[in-house]
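Scroll down for the structure; my scribbles are underneath it.
Please treat every number below as a calculation from the coordinates, not as lab data. For clarity, every value in this text was computed on a predicted model and none was experimentally measured. A quick note on method: Cβ atoms are made from the backbone with ideal geometry, for glycine too, and the neighbour counts reach across all protein chains shown.
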Amino acid sequence: MNDDTTAEDIYAVIGTVVARLLKPDQHLTLHEITSALHSMGELSDAEDVRGVCARAVRLLARQMH
């Protein structure tokens, strides 16, 4: 994968997780999002999904620090 595709995949998986977690009048934290991404990666049978989720978690972890 090239860098553009990887970034698009990372943003897509983050968007998917956020869309699943969002509820009216509720706030999301980066911790909740990273936990959901970690779980999504762990539960996936697809190696590419696991890799994208792991990269997304690392990206968001850098945002927390």
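To the nearest 20 debye, what charge dipole does the stretch 3-63 have about its Cα centre, counting +1 at the Cβ of each Lys and Arg and -1 at the Cβ of each Asp and Glu? Display every interim value, and only then the final one.
On the way: 6 positive and 10 negative charges, 60 e Å.
Roughly 280 debye, rounded to the nearest 20.
Among Gln26, Val52, Gly41, which residue has its Cα positioned farthest towards the positive end of the charge dipole of the chain, with +1 placed on the Cβ of Lys and Arg, -1 on the Cβ of Asp and Glu, and the dipole taken about the Cα centre?
Projecting each Cα onto the dipole axis, the largest value belongs to Gln26.
If contacts are Cα pairs under 8 angstrom and at least 6 residues apart, what is the relative contact order of the chain in percent?
In percent, rounded to a whole number, it is 36.
Can you tell me which of 39-49, 19-29, 53-63 comes out highest on packing, and rank the rest after it, using the mean Cβ neighbours within 10 Å?
Working: 39-49: 12.2, 19-29: 8.7, 53-63: 16.2.
Answer by packing, highest mean first, reads 53-63, 39-49, 19-29.
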